[in-house]
Each structure stands twice: as structure tokens, then as C-alpha cells.
């Protein structure tokens, strides 16, 4: 498995679902270090082991056995704020 810091920065790719594109744009807008595993059309990786799947809204933390009960981009943003990964909006 590729280490987070060696993964390429997330870029919108041709054929991406609108939810993927929106997630990348919003996460970057908040200053998040968002990465995309090579060859993955469905997963975004963030610091502190956070994984997000925009088309399903599922959020996983590395080492966890299942997805968190919270779902969606807004839930992800709250988690990242709580972790201190992104700042609260002005």
C-alpha cells in the first residue's frame, strides 16, 4: 500500500462523477491536503488516515473495521475540523 505522502495530489479526472469533483474542489478550498490513490476513481485520502468515497458518502478511518456512521461531504468536513486538519470557515 502506498504511503499517504507518496500519493499524488487529488486532481479532477475526465469521467469523474460530479460528487468526486465537488469533493476535491471543496476540500482544497478548505486547505485540506487531499490525495488520490493511483488508479482510484472512487477514493480520496486525507491526513490522519481518513478515507472518503464521494459517490457513496462513506467515510473510513485507517484501522477501523467499518465505515463511520456519519456520511457525506458535510460530515467529512466536520470530522476534519474536529481533527484540526482544516480550519473553521471564516
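The values are calculated or read from the model by the stated rules, or taken from the named source; none is laboratory data. What you see is a predicted model; the values in this text were computed from it and never measured. Using ideal geometry, Cβ is built from the backbone for each residue, glycine included, and neighbour counts are taken over all protein chains shown.
For the criterion of being at pLDDT below 95 and under 16 Å from residue 24 (Cα atoms), residue 38 passes.
Could you go through the stretch 31-47 and let me know if any residue there is out of contact with any strand residue (DSSP E or B) (no Cβ under 8 Å at 6 or more places or on another chain), free of Cβ contacts under 8 Å to residues at least 12 places away in the same chain and in a helix (DSSP H, G or I). No: zero hits. Total residues in the stretch 50-90 satisfying the condition of being over 18 Å from residue 22 (Cα atoms) and touching a helix residue (DSSP H, G or I) at 6+ places or on another chain (Cβ under 8 Å): the figure is 9. In the stretch 1-16, the residue that is surrounded by the fewest Cβ atoms within 10 Å (Cβ to Cβ) out of those that are assigned to a loop (DSSP other than H, G, I, E, B) and in contact (Cβ under 8 Å) with a residue 24 or more places away in the chain is 15.
With 53, 30 as the choices, which residue is at pLDDT below 95 and surrounded by 15 or more Cβ atoms within 10 Å (Cβ to Cβ)?
The conditions single out 30.
Just one of (1) loosely packed, with under 14 Cβ neighbours inside 10 Å; (2) modelled with pLDDT of 95 or more; (3) over 18 Å from residue 88 (Cα atoms) fails for residue 19. It is (1).
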